[in-house]
1. Residue check, Lys26 against (1) modelled with pLDDT under 80; (2) crowded, with 16+ Cβ neighbours inside 10 Å, all met but one. Which one?
2. Being assigned to a helix (DSSP H, G or I) and modelled with pLDDT of 85 or more narrows it down to one of Ile198, Ile214, Ile187, Ile176, so name that one.
3. Would you call Gly97 small (Gly, Ala, Ser), in contact with a helix residue (DSSP H, G or I) (Cβ under 7 Å, 6 or more places away or on another chain) and modelled with pLDDT under 70?
4. Between a first residue in the range 108-135 that is over 19 Å from Ala191 (Cα atoms) and a second residue that is acidic (Asp, Glu) and modelled with pLDDT under 75, which pairs have beta carbons less than 7 Å apart while being 6 or more apart in sequence or on different chains?
5. Mind checking which residues of the range 217-250 are at pLDDT below 85, open to solvent by less than 80 Å² (accessible area, probe 1.4 Å) and not in a loop (DSSP other than H, G, I, E, B)?
6. All but one of (1) exposed (fewer than 15 other Cβ atoms within 10 Å of the Cβ); (2) on the phi < 0 side of the Ramachandran plot hold for Gly61, so report the exception by its number.
7. Of the residues in the range 64-73, how many are open to solvent by less than 20 Å² (accessible area, probe 1.4 Å) and of a type in the set (Val, Ile, Thr)?
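The values are calculated or read from the model by the stated rules, or taken from the named source; none is laboratory data. These figures come from a predicted structure and were not determined experimentally. Cβ: placed from backbone, ideal geometry, glycine included. Neighbour counts: every protein chain shown. Please note that ligands, DNA and RNA were not included when accessible areas were found on the heavy atoms of the full protein model with its side chains. Shrake-Rupley method; radii C 1.70, N 1.55, O 1.52, S 1.80 Å.
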Amino acid sequence: MKLVLLTAFGVGGATIIGSLIGFAFKKISHKFSDIVLSFAAGVMLAAAVLGLILPSLEYGGKFGLLITIIGIFAGAFALNLIDKLVPHLHKLAGVDGEEHKNSNLSKVLLFVTAIAIHNLPEGIAAGVGFGSGDTSQALIIAGGIALQNIPEGMVIISPMLSAGVSPKKTFICAMITGFVEVAGTMIGYFAVSVASAILPFALAFAGGTMLYVISDEMIPETHAHGSERGATYALLVGFCVMLITDVLLG
């Protein structure tokens, strides 16, 4: 439990670290942001496949393949529904990623709310990983999500400051988005621990949410500013780093 709590705060704290970077470097280049986010996408892709989807097949037994496929699509559909209710990053912040000096406060708050809502299933994915009992895989999953949270925390800062929100309130909002992920991690962990029968489905569901985030949000965002070649290689590097880590820990 202590390790789960520490990891939960680490995953949520990554958003706060990103926000501090956002304060320090208000003009972060698209290329740098895209490379970091693409590397995180590669890490998350490996974590989703190695740490969630393959274990779902293993724990599912006789009906493992069917349960895993249903779980993956259920996770994707769940995030698709959330997207329809509360659009995320590239839909609210704009594909061009500019600072939005003309954005009103309500739109910026919607932007932050969207990030917070999307952080919940990511936190659940980390918690489900620990609920499976495979600590090394769970740490890989959590590490991938944490890496993705750093650039996400970075992009919160500039739009809020440009909309006239004070630095103190901006930082508090960033902290809230991080703590949502902490809550999600604990929900995922306890849900699977209490009802182990749902573990195969829960693993696949979490994997589906991560695949959806990678394909629908992270890749389009990193390919929107002319850095797609570097972003592609950064994704491959991130995937291979996690692949090496998995083999060494295995």
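1. Status for Lys26: all satisfied but (2).
2. Ile214
3. yes
4. Ile115/Glu152
5. Glu217, Met218, Glu221, Met242, Thr245, Asp246
6. Answer for Gly61: the failing condition is (2).
7. Residues in the range 64-73 being open to solvent by less than 20 Å² (accessible area, probe 1.4 Å) and of a type in the set (Val, Ile, Thr): 1 in total.
Per-residue answers, yes or no, for (1) touching a residue at least 60 places away in the same chain (Cβ under 8 Å); (2) open to solvent by less than 20 Å² (accessible area, probe 1.4 Å); (3) on the phi < 0 side of the Ramachandran plot; (4) within 14 Å of the chain's Cα centre (by Cα):
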| site | (1), (2), (3), (4) |
| --- | --- |
| His30 | yes, no, yes, no |
| Asp34 | yes, yes, yes, no |
| Gly42 | yes, yes, yes, yes |
| Gly75 | yes, yes, yes, yes |
| Leu81 | no, no, yes, no |
